[in-house]
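Here's the structure, in structure tokens; my notes come after.
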Amino acid sequence: MEPPTKSGKTQREVLGKFCSGITVVTALTDDGPVGFTCQSFASLSLDPPLVSFNPARTSTTWPLIRQAGSFCINVLSVEQRDISNAFARSGADRFAGVRWSPAPSGAPILDGGIAWADCTLWAEYDGGDHTIVAALVHALDEGVDEDPLLFYRGGYGIPSRW
């Protein structure tokens, strides 16, 4: 099957109509905590307990997280736009001013999130300009009772609700 002839811009516009939550994937390395913002996250399997997410191939943080061996996926609340933006930036201290506590693995659970899952790598697959990660969940829990931070049509939130 041939790929669509539409441009990447058109693909972003069309598929941007699918609303997704925002996560921050974190790990604790020998040099301290690391993490990145990731909107492509989903529950994958109940038996075994698996989740998936898709870091960009250009990510310099995903290799550090992979090497750490365990990581935590933090589901952000609507109150955490600044966290999402901070962890999406390159070259900055993403953890500056961010409060967190250790998951059972030691990976950072960010304060104020609505849920978290402590994981290890199950498998990785080629996903074009991204990597498809399947992660085995070892522990998880709910966080604060807030609405999720949503990404829709290139921005945060759902405009009809603003």
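Residues in segment 74-104 that are more than 12 Å from the chain's Cα centre (by Cα) and touching a residue at least 60 places away in the same chain (Cβ under 8 Å): 9 in all. Among the residues making up segment 133-147, those that are in contact with a Phe, Trp or Tyr (Cβ under 9 Å, 6 or more places away or on another chain), touching a residue at least 40 places away in the same chain (Cβ under 8 Å) and either of a type in the set (Gly, Ala, Ser) or outside any strand (DSSP E or B) (or both) are ALA134, ALA135, GLY143. Limited to segment 67-82, what total is found for residues that are over 15 Å from ASP147 (Cβ atoms) and surrounded by 15 or more Cβ atoms within 10 Å (Cβ to Cβ)? Going through segment 67-82 one residue at a time, the tally reaches 6. Is it fair to say LEU50 is closer than 13 Å to GLY35 by Cα and in contact with a strand residue (DSSP E or B) (Cβ under 6 Å, 6 or more places away or on another chain)? The answer is no for LEU50. Residues that are surrounded by 18 or more Cβ atoms within 10 Å (Cβ to Cβ) and either out of contact with any Gly (no Cβ under 9 Å at 6 or more places or on another chain) or of a type in the set (Ser, Thr, Tyr) (or both) within segment 137-155 comprise just one, VAL137.
For segment 20-45, name all the residues that are touching a residue at least 24 places away in the same chain (Cβ under 8 Å), within 23 Å of TYR152 (Cα to Cα), open to solvent by 20 Å² or more (accessible area, probe 1.4 Å) and not aromatic (Phe, Trp, Tyr). Result: GLY21, THR37, GLN39, SER40, LEU44. Taking segment 48-58 as the range and being open to solvent by 30 Å² or more (accessible area, probe 1.4 Å) and in contact with a Phe, Trp or Tyr (Cβ under 6 Å, 6 or more places away or on another chain) as the test, no residue passes.
Please find, within segment 97-110, the residue that is modelled with the lowest pLDDT out of those that are part of a loop (DSSP other than H, G, I, E, B) and open to solvent by 70 Å² or more (accessible area, probe 1.4 Å). The qualifying residue modelled with the lowest pLDDT is GLY97. Scanning segment 46-73 for residues that are touching a residue at least 60 places away in the same chain (Cβ under 8 Å) and either in a strand (DSSP E or B) or within 20 Å of GLY143 (Cα to Cα) (or both) yields PRO49, LEU50, VAL51, SER52, PHE53, ALA56, SER70, PHE71, ILE73.
Against the conditions (1) touching a residue at least 60 places away in the same chain (Cβ under 8 Å); (2) loosely packed, with under 14 Cβ neighbours inside 10 Å, ASP126 satisfies every one except (1).
The values are calculated or read from the model by the stated rules, or taken from the named source; none is laboratory data. Since the structure is predicted, the reported quantities are computational estimates derived from the model, not experimental observations. Positions of Cβ are generated from backbone atoms using ideal geometry, with glycine treated the same way; all protein chains shown enter the neighbour counts. Side chains are part of the model used for accessible areas, which takes the heavy atoms of the whole protein and leaves out ligands, DNA and RNA. Shrake-Rupley method; radii C 1.70, N 1.55, O 1.52, S 1.80 Å.
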